[in-house]
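Q: This is the structure I have questions about; it appears just below.
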Amino acid sequence: MFDLIYNQIYYLGIQTIRYGKRFFRWFGSLLLKPIKLIGTLIFTLIIVIDKMLLKLFHESMKDFRELISEVKRVLSGFKEKTPGVNKKEKLKNYVLRAFNKYRKAFVYVLNIALPIISLVILVNVISAWSYMTFALEINYNDEIVGYVSSEAVYKQAREQAIDRLDISVVTSADKTDEDVIGNAEYKIKPVKRSQINDASTICDKLIEKSDSNIVNACGIYIDNAFVCAVENETDALSVFDSILAEHETGEENAVVSFVENIEYVQGLYPDEENIVRDALYLNEKLRSKKSEARYYTVQSGDTVSKIANQFGMKSADIFNLNPELREKIYVGQQILLSAEVNFVQVQTTKTEVRKVEIPYNTIKVNTDSLYVGDKKVVTKGVNGVQEVTELVTYIDGVRVSTKEVSRVTIQEAVDEKVQVGTKKNTGSSGSAISYGGRFVWPAGGGATHVSSYFGKRSLNGWHGGIDITRPGGKSTGCPVYAAEAGTVKLAKAGGSGYGYHVIIDHGNGLQTLYAHMKAGSLKVTAGQKVKRGQQIGQIGSTGFSTGPHLHFEVRVNGTKVNPAPYLGIKSKSN
């Protein structure tokens, strides 16, 4: 059995090797076919290039070799002295014969050399013109003052020059711009790019070539308006820096700058006393007032809104300028209409952080465990807190704008949950009835009849409450309810003939009393909190009583008052 299995495995291995060799031979020949084809194509391509494209090269190289041999032979012949032979004529003949004989070599050289020479020339021309451009040559007073890229640049330069010299030169109506800076002549010229000037440079050159007495100085311009010129720009900068330094707060996030646009223009200016100044004058000028504060004296019949309308303002503007001002104003009161404005205003921008409260929401949940109109706070609401980062801008110390940058909640608000009663007073036994008054009816079980009202009566002269019974009698055991939520002040037997009675305090000096209740029926104790309509006992006839009934009183700050309005019923005297 094992021999048979062994023989089968051996036979299988022999056959696998035999057919495996055949497969790999077939697969190898299949792979070699495209490789051989590609090799044949490349070899053919090389032959074509050699025969077609390099034929001229080979022929030219052959002519070159022959030409070199010919030149060497000719040169050796020139060294020999032969009488009666003109060497120049001989050289000429040799050159002509060489060109005719070796034409292919010379053509080959020219075909290569000429494109190279042309390319070199083209590169040099492009390189040269890359640094060149066309510009306007400005000729002023028969002198070339520079070159500009366009006529607009020249006009801008001329306007700048006129503005500078116009400070003092043009003072009368009979003088025009041409009296200050005349028109120049200009024409197109090719120049190097480095020769082109900007408007500021041409401006200085126009001034320099004018007839004015000028000096090199630094002009100070505030919002494009000329203030003065100083000889040293450093002195001007120190004056402005000293003003900014006075407003530095030392805070890292504070940025101090001028509201106005300050420009320092170095150039030529009229050398006159009222134009070129020293740093002391500049300092005094900058610290002066652009406009003074303006006030209004309140007249009879004036109001804030009336004053605002009179001066084209809004009431809010007046209140912002006068923080202490109130709606009620009086005659002779001074109201600021516009604050003083410094010649230069300093703006301070910084980030400020403040905390604001997030109001909590109130979530109401209906519940039948409370009567309609009753509420109970289950979870007390807590306001959240947010941290607000603002970018605040002050001008001369006055806050003028605020921009919120970020708002981060650092404490979430907690919603307040309130239970709202939905339980209705149906009037059936075991539940209190409401007649629309502040209090619910204090008796149940059908005890709805008032046998004795508040006030004067014949029985004992004065009745301090109302007596409630069941029509036709049989009131004993009917439930007694708290007319309103409150705290039980007293719950006991005895006291002025009340028998078993309860006093409930409702706060703010308001109390109710329930008397003549059934012995042992009290369901509350002193200090206990009760809900509106909660049963506190049963009707009985304890104490000084002529029969089963509930004596109900309302007391305000210790004084007995008529309970009828509190219960929503009409008063009636017996």
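The values are calculated or read from the model by the stated rules, or taken from the named source; none is laboratory data. Bear in mind that the values here come from a model prediction, so they are computed numbers and not experimental data. Heads up, the Cβs are rebuilt from the backbone with ideal geometry, glycines too, and the neighbour counts pull from every protein chain shown.
Q: Here are some conditions: (1) over 33 Å from the mean Cα position of the chain (by Cα); (2) surrounded by fewer than 17 Cβ atoms within 10 Å (Cβ to Cβ); (3) modelled with pLDDT under 90. G267 meets all but one. Which one does it not meet?
A: Of the numbered conditions (1) over 33 Å from the mean Cα position of the chain (by Cα); (2) surrounded by fewer than 17 Cβ atoms within 10 Å (Cβ to Cβ); (3) modelled with pLDDT under 90, the odd one out for G267 is (2).
Q: Test V554 against the stated conditions and say whether it is of a type in the set (V, I, T), farther than 21 Å from S434 by Cβ, touching a residue at least 12 places away in the same chain (Cβ under 8 Å) and touching a Ser or Thr at 6+ places or on another chain (Cβ under 9 Å). Spell out the reasoning first.
A: Values: of a type in the set (V, I, T): yes; farther than 21 Å from S434 by Cβ: no; touching a residue at least 12 places away in the same chain (Cβ under 8 Å): yes; touching a Ser or Thr at 6+ places or on another chain (Cβ under 9 Å): yes.
Considered against the rule, which asks whether it is of a type in the set (V, I, T), farther than 21 Å from S434 by Cβ, touching a residue at least 12 places away in the same chain (Cβ under 8 Å) and touching a Ser or Thr at 6+ places or on another chain (Cβ under 9 Å), V554 comes out as no.
Q: Need the failing condition index for S168 against (1) surrounded by fewer than 12 Cβ atoms within 10 Å (Cβ to Cβ); (2) in contact with an Asp or Glu (Cβ under 6 Å, 6 or more places away or on another chain); (3) modelled with pLDDT under 80, just the number.
A: Going through the list (1) surrounded by fewer than 12 Cβ atoms within 10 Å (Cβ to Cβ); (2) in contact with an Asp or Glu (Cβ under 6 Å, 6 or more places away or on another chain); (3) modelled with pLDDT under 80, S168 breaks only (1).
Q: Give all pairs with beta carbons closer than 6 Å in which a residue from segment 21-47 that is in a helix (DSSP H, G or I) meets a residue that is at pLDDT 75 or above; count only pairs at least 6 apart in sequence or on separate chains.
A: Matching pairs, first to second residue: none at all.
Q: Continuing with this model, one more query. List the strands (runs of 3 or more DSSP E) that sit entirely inside segment 286-390 and contain at least 1 residues that are out of contact with any helix residue (DSSP H, G or I) (no Cβ under 9 Å at 6 or more places or on another chain) and acidic (D, E).
A: Numbers: elements: 289-291, 294-297, 334-338, 346-358, 362-371, 375-379.
Output list reads 346-358, 362-371.
Q: Restricting the search to segment 250-264, which residues are touching an Asp or Glu at 6+ places or on another chain (Cβ under 8 Å) and surrounded by 12 or more Cβ atoms within 10 Å (Cβ to Cβ)? Walk me through it before giving the result.
A: Quick first cut of segment 250-264, residues touching an Asp or Glu at 6+ places or on another chain (Cβ under 8 Å) only: 254, 256, 260-261, 264.
A254, V256, E260, Y264 - these are the residues of segment 250-264 that are touching an Asp or Glu at 6+ places or on another chain (Cβ under 8 Å) and surrounded by 12 or more Cβ atoms within 10 Å (Cβ to Cβ).
Q: Name the one entry in A526, A491, A519 that is of a type in the set (G, A, S), in the same structural domain as G446 (by TED's automatic domain parsing) and either in contact with a Pro (Cβ under 6 Å, 6 or more places away or on another chain) or assigned to a strand (DSSP E or B) (or both). Spell out how you get there, then give the answer.
A: On the way: A526 fails: either in contact with a Pro (Cβ under 6 Å, 6 or more places away or on another chain) or assigned to a strand (DSSP E or B) (or both); A519 fails: either in contact with a Pro (Cβ under 6 Å, 6 or more places away or on another chain) or assigned to a strand (DSSP E or B) (or both).
Going through A526, A491, A519 in turn, the sole match is A491.
Q: Filtering segment 392-425 down to residues that are closer than 30 Å to I243 by Cα and touching an Asp or Glu at 6+ places or on another chain (Cβ under 8 Å), which residue is modelled with the lowest pLDDT? Lay out the reasoning, then the answer.
A: First, the residues of segment 392-425 that are closer than 30 Å to I243 by Cα: 392-405.
Checking the rest, the ones that are also touching an Asp or Glu at 6+ places or on another chain (Cβ under 8 Å) come to 392, 402-405.
Numbers: V392: 91, T402: 88, K403: 92, E404: 92, V405: 91.
Among them, the one singled out is T402.
Q: Another question, if that's okay. Given the residues T303, T402, which is the only one that is closer than 24 Å to E252 by Cα, among the β-branched types (V, I, T) and outside the structural domain of S434 (by TED's automatic domain parsing)?
A: Residue meeting the stated conditions: T402.
Q: In segment 502-529, what residues are crowded, with 16+ Cβ neighbours inside 10 Å and closer than 22 Å to P565 by Cβ?
A: If the condition is that a residue be crowded, with 16+ Cβ neighbours inside 10 Å and closer than 22 Å to P565 by Cβ, then V502, I503, I504, H506, L510, Q511, T512, L513, Y514, A515 are the ones that fit.
Q: Also: Can you tell me which residues in segment 496-532 are among the aliphatic types (A, V, I, L, M) and more than 17 Å from W441 (Cα to Cα)? Break it down stepwise before answering.
A: Applying the first criterion (among the aliphatic types (A, V, I, L, M)) to segment 496-532 yields 502-504, 510, 513, 515, 517, 519, 522, 524, 526, 530.
Those that are among the aliphatic types (A, V, I, L, M) and more than 17 Å from W441 (Cα to Cα): A519, L522, V524, A526.
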